[in-house]
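The values are calculated or read from the model by the stated rules, or taken from the named source; none is laboratory data. On a predicted model such as this, the values are computed, not experimentally measured, just so you know. Cβ coordinates were reconstructed from backbone atoms using ideal geometry, including for glycine residues, and neighbour counts include every protein chain displayed.
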Amino acid sequence: MNERFYITGFAGKKKLEGVIPVSGAKNAVLKAMAATILFKGKVELTNVPEIEDALRMLDLLKELGAEVDGENGKYTIDTGGVSSGNLATDISKKLRASIVLSGPLLSRFGKVSFPHPGGCVIGARPIDLFLDGFEKMGALVSVENDGERARYVIKAPKGGLRGAEIFFRSQSVTGTETFMMAGVLAKGDTIIKNAALEPEIYDLAQFLNSAGAKIEGAGTPTIKIKGMGLLSARKKYVTPPDRIEAGSFLILVALCGKDVTVSNCEPAHLESLIEILCYSGIDLIVGKNFIRVKNDVKKGGKNKIRAVNLKTHEYPGFPTDLQAPMSVYLTQAVGESQVFETIFEGRLNYLESLVRMGANITIMDPHRAIVRGPTPLVGKELESPDLRAGLAFVIAAIVAKGDSVIHNVYNIDRGYEKIEERLSEIGVSITRITG
Ligand code: EPU
């Protein structure tokens, strides 16, 4: 089905008003879903965003034999019926997060097989750290040919995975989560060094610890996991707010907001963005669980924001997932900004579309670009290339003069729940067209 968004832009005017609440975090709940493999009995998950990736993860669990019930953000998962760890190719191909199932499945069943995971096309996205880590835990890794992509078959040693010391050559979010979960059912202690520090990792550790796991140091570079049996204590998970969605809303309202409050968010997870926006001249009122942007519209709604250099970095640095929305922002800032995407080598391709909309951007190489502003943007027909760049196009279309059509909205639905309804609430002119 060719679904697309039709957006009428504000030509740079600041018009949005109201309150926009943030949904549960995609990159947290997907890992909590994978973690249900480590539990005996039913687990309840709430504040689950109704997004494509979450629904596909539930499908993947069902295909494995799990019983999944629920709707409207509340689900129960019982993995009692799962007896093996062969991940379905068609779903895993769509979802990078499918890889995090490999840790709990291998540690529980002694064997897992999965195709090279899919997800957003933003770079090579290798899985060498996963394969090396499993070998360190005593597993045997082999690669089979599964049609168009490789299928990995991993077998634990007799007696199960062994705790190990795993040093990540580069920090990996899903890698850290996978080995944290593998360690829960391994024999002995697992130590992850140079672990990623993203809040979703701390959240996952808290969830597992609340159910009886013994994980120390999550949120620091060294995490220690004590091997034990299946978890059976507290079985409730509340999905925390999505910091990337909150950040994207904040960028949008910094550009087009008259007076908007981004509510149900966790400002402590957004410090790098808050710092950059404030430096660039945006007035923010930061509360305990909200951020309000009140732009001065008396000056004819003219942008008074200044250019700022952007370098993506592992948490607590500037998130790569906010690089695309922030680059749209920089097209409206006065002066020259450098954008340095350090994490993924395919995450600047969308900039060509912003140039078609009128932005003055020079792409230096796959990691670096220079944005000169402010330049008025004009509405265009655009193809959403991936989740985060897709939302950046929505923001660009709202800032632009005239109408835009954004195709391939599946890529946006993967991570943002009913985005057109929620943006309409604060005054955006956006319609979903089906057929
Ligand atoms: N890397 C390797 N080898 C590996 C794994 C990673 O070289 O085995 C490299 C990657 O190529 C990349 C770097 O390590 O250069 C960091 O990648 P990481 O593994 O941290 O990324 P990820 O775990 O695949 C998660 C999020 C991404 C987010 C990144 C960075 C999930 C499901 N995905 O990906 O989210 O951009 O961390 O913060 O948690 C998104 O939500 O749109 C998204 C892409």
The listed residue being surrounded by 24 or more Cβ atoms within 10 Å (Cβ to Cβ) and among the β-branched types (V, I, T), out of T176, T261, T222: T176
Pairs where the first residue, in the range 130-146, is in contact (Cβ under 8 Å) with a residue 12 or more places away in the chain and the second is in a helix (DSSP H, G or I) and away from the ligand (no atom under 16 Å from the Cβ), C-beta under 8 Å, 6+ apart: D146/T89
Condition met for E165 (modelled with pLDDT under 95, over 30 Å from N408 (Cβ atoms), over 22 Å from the mean Cα position of the chain (by Cα) and acidic (D, E)): no
Residue in the range 398-416 that is in contact with a Phe, Trp or Tyr (Cβ under 9 Å, 6 or more places away or on another chain), acidic (D, E), touching a residue at least 12 places away in the same chain (Cβ under 8 Å) and within 17 Å of S248 (Cβ to Cβ) present: no
Positions within the range 122-158 being of a type in the set (V, I, T), within 14 Å of the ligand (Cβ to nearest atom) and within 21 Å of G183 (Cα to Cα), in sequence order: I127, V141, I154
Flag if V100 is closer than 28 Å to R243 by Cα, within 16 Å of the ligand (Cβ to nearest atom) and either crowded, with 18+ Cβ neighbours inside 10 Å or free of Cβ contacts under 8 Å to residues at least 40 places away in the same chain (or both): yes
Residue that is farthest from S172 (Cα to Cα), among those in the range 81-94 that are surrounded by 18 or more Cβ atoms within 10 Å (Cβ to Cβ) and at pLDDT 90 or above: V82
So G147, is it surrounded by fewer than 17 Cβ atoms within 10 Å (Cβ to Cβ), modelled with pLDDT of 95 or more and at positive phi: no
Residue within the range 116-126 that is of a type in the set (G, A, S), part of a strand (DSSP E or B) and surrounded by fewer than 21 Cβ atoms within 10 Å (Cβ to Cβ) present: no
Subset of the range 182-217 (residues that are within 16 Å of the ligand (Cβ to nearest atom) and over 19 Å from the mean Cα position of the chain (by Cα)): A182, I192, K193, N194
Among (1) in contact (Cβ under 8 Å) with a residue 12 or more places away in the chain; (2) exposed (fewer than 15 other Cβ atoms within 10 Å of the Cβ); (3) out of contact with any helix residue (DSSP H, G or I) (no Cβ under 7 Å at 6 or more places or on another chain); (4) not in a loop (DSSP other than H, G, I, E, B), the one test that T431 misses: (3)
Hits in the range 385-405 (condition: touching a Cys at 6+ places or on another chain (Cβ under 8 Å) and not β-branched (V, I, T)): D386, L387, R388
Residue ID - nearest to T375 (Cα to Cα), chosen from residues in the range 327-347 that are within 14 Å of the ligand (Cβ to nearest atom) and in contact with a Ser or Thr (Cβ under 9 Å, 6 or more places away or on another chain): F340
